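K.L.:
One structure is given below, represented as structure tokens, and several questions about it will come after.
The values are calculated or read from the model by the stated rules, or taken from the named source; none is laboratory data. The model shown is predicted, which means the values in this text are computed figures rather than measured ones. Glycine also receives a Cβ, built like all others from the backbone with ideal geometry; neighbour counts cover every protein chain displayed. These area figures cover heavy atoms from the full protein model, side chains too; ligands, DNA and RNA do not enter into them. Shrake-Rupley method; radii C 1.70, N 1.55, O 1.52, S 1.80 Å.
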Amino acid sequence: MTQINKLKIFNDPIYGFITIPNELIYDLIQHPYFQRLRRISQMGLSYLVYPGANHTRFHHALGCMHLMQKAVEGLRFKGVAISNEEECALLIAILLHDIGHGPFSHAMEKSIVEDVNHEAISLLFMNRLNDEFDGRLSLAIQVFKGEYHRKFMLQLISSQLDMDRMDYLKRDSFYTGVAEGNVNSERLIQMMNVVDDVLVIEEKGIYSVEKFLLSRRLMYWQAYLHKTSLVAELILMKALKRAKELTLKGAKLPCSEPLLYFMQNKINLEDFDAEKLDLFSQLDDFDIISALKAWQRHNDFILSTLSKMIINRDLLKIKLSADKIPMEESQSLKEEFAETHNISALDAGYFIFRGKIKNQAYSKAAEPIRILKKDKTIEDVVEASDQLNLKSLSKLVTKYYICFPKQLI
């Protein structure tokens, strides 16, 4: 039998060549659970705004693993002891950190798989893979859960300056063409160090951190919370919610078996056994898009109209405001729409609704980004920076929105 070469190389448009460091990681990448990420878009429906934003969570996970390899290399160079086992655990944890994302993840979490978030499902997948791989993921799971005694390892995976954020900002900036999001991940990684088991950034890297936080804020307003991306995701959420509502009332909707299962059943984290996890692992963007294509022709006015909106990119109008939008405004629009289309005011709520979005580039409530000063003292980046804009970046900005059909303008 021919021996397969498992030390493969990926050609990535952001970093160039990404190497698979060992056979276990190759086998994890080859696993159907991980390959599914090729069929899950990293930025959901953002391609309706930025046509290039079709990259996948598979792309992103590999990019995170590559940055983790660089981080381990840089820390070792500075004398931080990281064993081969610990390195492998870090690479596996970051590689699998998003494996629990469903198709159009945030819309799914708020409509069909209501009570289970993607982090919890990621952990279920990791535990399942650990059984398949005879316990070889145990240390990675420990690190991922924050139960490993070396705390800086969790910071590399999940913090305000982790490999996940560094990759998605750079990658999403590249694929959307939003240049403001482009961060210098290489420089940031070179500036990392560990003091008393805590991740720090050397003082000379402070400007790179400031640029990183500013890029994050701008990417949220220009890409992730772009009003057209936002309204598209909200419409998708409403369409899935309506589909689930109709299914629970006994309507037969054309869609794939795994999607039908999650529409017919209310699933809690406790119910997520091996069988349900396998069903979830069969869901990807194609299930949702093909369902929406079929639902355009359904006799339910709400479901067919919402489905058409996404497929044809003929979306609701969205109006943003710094002030809270009064309920009376949405109420009068609902009544007008209900009368025109002969539906109840309650059903008109699928087309006219209010809400709010929040953006905070840096949270002072979360674990801080620590700056290691030349005199060996450690300060929160906001205190260490001479830039007033960092204080404003840690301020929570709230915007309010109202969505309504264009013909009501």
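K.L.:
Going by the structure shown, is Ser138 open to solvent by 50 Å² or more (accessible area, probe 1.4 Å), small (Gly, Ala, Ser) and either within 20 Å of the chain's Cα centre (by Cα) or over 30 Å from Lys238 (Cα atoms) (or both)?
P.N.:
Yes.
K.L.:
Here is a list: Lys373, Lys358. Which entry is at pLDDT 90 or above, within 26 Å of the chain's Cα centre (by Cα) and charged (D, E, K, R)?
P.N.:
Going through Lys373, Lys358 in turn, the sole match is Lys358.
K.L.:
When you scan the range 23-78 for helices (runs of 4 or more DSSP H) that lie fully inside it, which ones turn up with 2 or more residues that are in contact with an Asp or Glu (Cβ under 8 Å, 6 or more places away or on another chain) and open to solvent by less than 30 Å² (accessible area, probe 1.4 Å)?
P.N.:
The qualifying helices (runs of 4 or more DSSP H) are 57-77.
K.L.:
Please give the number of the condition Lys276 fails out of (1) in contact with a His (Cβ under 9 Å, 6 or more places away or on another chain); (2) crowded, with 17+ Cβ neighbours inside 10 Å; (3) of a type in the set (D, E, K, R).
P.N.:
(1)
K.L.:
Take the conditions outside any helix (DSSP H, G or I) and either open to solvent by 70 Å² or more (accessible area, probe 1.4 Å) or closer than 27 Å to Leu225 by Cα (or both) and apply them to Ile310. Does it pass?
P.N.:
Taking the combined requirement at face value, the residue does not satisfy it.
K.L.:
Restricting to the range 290-303, name every residue that is in a helix (DSSP H, G or I) and crowded, with 17+ Cβ neighbours inside 10 Å.
P.N.:
Within the range 290-303, Ala291, Leu292, Trp295, Ile302, Leu303 meet the criteria.
K.L.:
Now, a different point. So Thr247 clears everything in (1) in contact with a helix residue (DSSP H, G or I) (Cβ under 6 Å, 6 or more places away or on another chain); (2) open to solvent by less than 40 Å² (accessible area, probe 1.4 Å); (3) in contact (Cβ under 8 Å) with a residue 24 or more places away in the chain except one condition, right? Which one?
P.N.:
Every listed condition holds for Thr247 apart from (3).
K.L.:
Here's a follow-up. Of all residues in the range 387-409 being open to solvent by 20 Å² or more (accessible area, probe 1.4 Å), farther than 26 Å from Val231 by Cβ and of a type outside the set (S, T, N, Q), which is modelled with the highest pLDDT?
P.N.:
Step by step, filter the range 387-409, then rank; the result is Lys391.
K.L.:
Could you look through the range 88-123, keep only residues that are in a helix (DSSP H, G or I) and free of Cβ contacts under 8 Å to residues at least 40 places away in the same chain, and pick out the one that is surrounded by the fewest Cβ atoms within 10 Å (Cβ to Cβ)?
P.N.:
The extreme case among them is Glu119.
K.L.:
State which residue pairs qualify: first residue within 17 Å of Leu188 (Cβ to Cβ) and inside the range 364-386, second residue loosely packed, with under 10 Cβ neighbours inside 10 Å and not hydrophobic (A, V, I, L, M, F, W, C) in any location, beta carbons under 8 Å apart, and separation of 6 or more residues or different chains.
P.N.:
Cβ pairs passing all conditions: none.
K.L.:
What's the number of the only condition in (1) without any contact (Cβ under 8 Å) to a residue 24 or more places away in the chain; (2) within 30 Å of Ile288 (Cα to Cα); (3) not acidic (Asp, Glu) that Leu48 fails to meet?
P.N.:
(1) is the only condition that Leu48 fails.
K.L.:
Of a type outside the set (Ser, Thr, Tyr), part of a helix (DSSP H, G or I) and under 29 Å from Ser159 (Cα atoms) - does that describe any residue in the range 235-252?
P.N.:
yes
K.L.:
Tally time: how many residues in the range 161-187 are of a type in the set (S, T, N, Q) and either in contact (Cβ under 8 Å) with a residue 60 or more places away in the chain or buried (at least 22 other Cβ atoms within 10 Å of the Cβ) (or both)?
P.N.:
2
K.L.:
Being under 27 Å from Arg216 (Cα atoms), surrounded by 14 or more Cβ atoms within 10 Å (Cβ to Cβ), over 26 Å from the mean Cα position of the chain (by Cα) and small (Gly, Ala, Ser) is the requirement here; does Ala384 meet it?
P.N.:
Here the answer is yes, as Ala384 does meet what is asked.
K.L.:
With respect to the numbered conditions (1) surrounded by fewer than 21 Cβ atoms within 10 Å (Cβ to Cβ); (2) in contact with a Leu (Cβ under 6 Å, 6 or more places away or on another chain), which one is the sole condition not fulfilled by Met126?
P.N.:
Here Met126 clears every test but (1).
K.L.:
Ok, one more. Sort out which residues of the range 332-389 are in a strand (DSSP E or B), more than 21 Å from Phe404 (Cα to Cα) and among the hydrophobic types (A, V, I, L, M, F, W, C), and write them in order of number.
P.N.:
Answer for the range 332-389, where residues must be in a strand (DSSP E or B), more than 21 Å from Phe404 (Cα to Cα) and among the hydrophobic types (A, V, I, L, M, F, W, C): Ile371, Leu372, Ile378.
K.L.:
I'd like to verify a number: residues in the range 321-363 that are among the aliphatic types (A, V, I, L, M) and either open to solvent by 70 Å² or more (accessible area, probe 1.4 Å) or free of Cβ contacts under 8 Å to residues at least 24 places away in the same chain (or both), how many?
P.N.:
Selection size over the range 321-363: 6.
K.L.:
Let me ask you something else. I'd like the full set of residues that are loosely packed, with under 12 Cβ neighbours inside 10 Å and within 24 Å of the chain's Cα centre (by Cα), limited to the range 250-270.
P.N.:
Result: Asn268, Glu270.
K.L.:
Residues that are open to solvent by less than 50 Å² (accessible area, probe 1.4 Å) and part of a helix (DSSP H, G or I): does the range 188-200 have at least one?
P.N.:
The answer is yes, given that some residue of the range 188-200 is open to solvent by less than 50 Å² (accessible area, probe 1.4 Å) and part of a helix (DSSP H, G or I).
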